[in-house]
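The values are calculated or read from the model by the stated rules, or taken from the named source; none is laboratory data. Since this is a predicted model, take the numbers as computed values, not measurements. Because the Cβ atoms are built from the backbone with ideal geometry, glycine has one as well, and the counts that use them run over all protein chains shown. Note: accessible area is taken over every heavy atom of the protein model, side chains too, but ligands, DNA and RNA are not part of it. Shrake-Rupley method; radii C 1.70, N 1.55, O 1.52, S 1.80 Å.
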Amino acid sequence: MELRLTFALLVGVCGSTARVSFELFERSVLPKWLDSHALENAATHGNYSFFPAAIQPSTSAYGSADMAHLLYFTGQLESLPASTMTNWAVHINSFQNSSGYFSTPDGGLCGFQPWHATAYMSSALALLNATTRFPNAYYRALAAQNATVWHSVFDPLLLPHSPAGCDSIHACAHKITSIPATLVLRNATAAHEFVAWWFQWVENNLNVSSGTLCPADQAKALGNGVCLGAGAAIHFVYDALDRAPWPLRAKVQEFALALQQSNGLWSGSSLANWLNLDGVMQATHDVSATPHPDLAQQACARFLPAAARILNSWPLTEAEFAPKGTHGLPGAVAAVAQCAQVFPQLVQTQRSWRCCGPFP
């Protein structure tokens, strides 16, 4: 019955424009996903596990932050009572220590740590109208330094496998972006001189072929996927800090469009990989100012049915995402939301979906 209903909802008709529906995901699949990770007081305090609670009922910073992002992307977070949002923020902040970092035992499955978690938790807190309990002591001290020190920290991140500790420019980009994003999300007027330097450093190091922060040797050694991921990390900061337009915007779009596969995805056969959001976002951002708005719409038109096939089915969603934890689903949903936001004629949802928050 569910498969027949999924098929019926997959493509609706609105006037002459075919829309891909995600209403079954909203009504049935997403509530099941939330329930399967819910721990005590989840509904009022945002207490969620990273893996399904029946398997590993451990409270998790990522579990909580991922659910906040999911509800934001699907237009539901703002309908929560103010007390719930406050309690949820307190819960996320309970994982932070006085140095400003977060305890994330499952964070290795989500990004380069502790940098990724620091920015991602800050993003979730911003969505909940809150901020981190403590400033990040290292970030704040670094921002107070000068260009010589900043270069000594950031330049090695362009050379993965160096003492930087990350193994690709995609991973290194988590640290590159976490520092300015976290500083500004906590205090919008903080670290003005450092943030200005950071943008100039990024633009001085862009790959002119792809418009992304990706040295040519990285693409050659590891493939263009690392460039797509690193580029998205940088561009999320541009958006979060209201820095427009993106440099080399046309090159970024062409690069992202070229990496979409025939199955509609950017990440092999996995919808659980955030590269799908990275591809969608960089192909469609500020689309009216790009040379190929028609190709961007076609890219979404190919991606959306591939996403709907899985997201409108609880068995497929559970099989695709649950073994990898909570972090994959927000990326897939945000990619759909980005298409819905830019090309609303392509998507049918009960609520207005949006992408992408301050820094997903």
Test result for Gly46, more than 18 Å from Ala272 (Cα to Cα), open to solvent by less than 10 Å² (accessible area, probe 1.4 Å) and either touching a strand residue (DSSP E or B) at 6+ places or on another chain (Cβ under 8 Å) or modelled with pLDDT of 95 or more (or both): yes
Scan region 154-163 residue by residue and report those that are in contact (Cβ under 8 Å) with a residue 12 or more places away in the chain and under 22 Å from Tyr101 (Cβ atoms). Phe154, Leu157, Pro160
Quick count over region 99-119, residues being in contact with a helix residue (DSSP H, G or I) (Cβ under 6 Å, 6 or more places away or on another chain), open to solvent by 10 Å² or more (accessible area, probe 1.4 Å) and in a helix (DSSP H, G or I), is 2
Looking at (1) within 21 Å of the chain's Cα centre (by Cα); (2) modelled with pLDDT of 95 or more, which is the only condition Ala188 fails? (2)
Output the residue which, of all residues in region 1-37 that are modelled with pLDDT of 95 or more, open to solvent by less than 40 Å² (accessible area, probe 1.4 Å) and outside any helix (DSSP H, G or I), is farthest from Met67 (Cα to Cα). Val20
Taking His285 as the residue in question, decide whether it is over 29 Å from Ser122 (Cα atoms) and modelled with pLDDT under 95. no
Which one of these does Val287 not meet: (1) of a type in the set (Val, Ile, Thr); (2) touching a Pro at 6+ places or on another chain (Cβ under 7 Å); (3) open to solvent by less than 20 Å² (accessible area, probe 1.4 Å)? (3)
Report, by residue number, each residue of region 290-334 that is assigned to a helix (DSSP H, G or I), of a type in the set (Gly, Ala, Ser) and either buried (at least 22 other Cβ atoms within 10 Å of the Cβ) or modelled with pLDDT under 95 (or both). Ala296, Ala299, Ala307, Ala308, Gly328, Gly331, Ala332, Ala334
When you go through (1) touching a Leu at 6+ places or on another chain (Cβ under 6 Å); (2) open to solvent by 30 Å² or more (accessible area, probe 1.4 Å) one by one for Cys172, which number turns out not to apply? (2)
Ser122 is checked against (1) over 20 Å from Ala335 (Cα atoms); (2) not in a helix (DSSP H, G or I) and fails just one. What number does that condition carry? (2)
Of the candidates Thr182, Thr212, the one satisfying the condition of being among the polar types (S, T, N, Q) and not in a helix (DSSP H, G or I) is Thr212
Any residue in region 333-360 that's of a type in the set (Phe, Trp, Tyr): show its pairings with residues that are part of a loop (DSSP other than H, G, I, E, B) at Cβ separation under 7 Å, as long as the two are six or more apart or on different chains. Trp353/Thr74; Trp353/Gly75
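Output yes when any residue across region 236-253 is of a type in the set (Asp, Glu), part of a loop (DSSP other than H, G, I, E, B) and either crowded, with 24+ Cβ neighbours inside 10 Å or without any contact (Cβ under 8 Å) to a residue 60 or more places away in the chain (or both), and no when none is. Working first, answer last.
Keep residues of region 236-253 that are of a type in the set (Asp, Glu), which gives 239, 242.
Then drop every residue that is not part of a loop (DSSP other than H, G, I, E, B), which leaves 242.
If we keep only those that are either crowded, with 24+ Cβ neighbours inside 10 Å or without any contact (Cβ under 8 Å) to a residue 60 or more places away in the chain (or both) as well, we get 242.
Taking every residue of region 236-253 in turn, at least one turns out to be of a type in the set (Asp, Glu), part of a loop (DSSP other than H, G, I, E, B) and either crowded, with 24+ Cβ neighbours inside 10 Å or without any contact (Cβ under 8 Å) to a residue 60 or more places away in the chain (or both).
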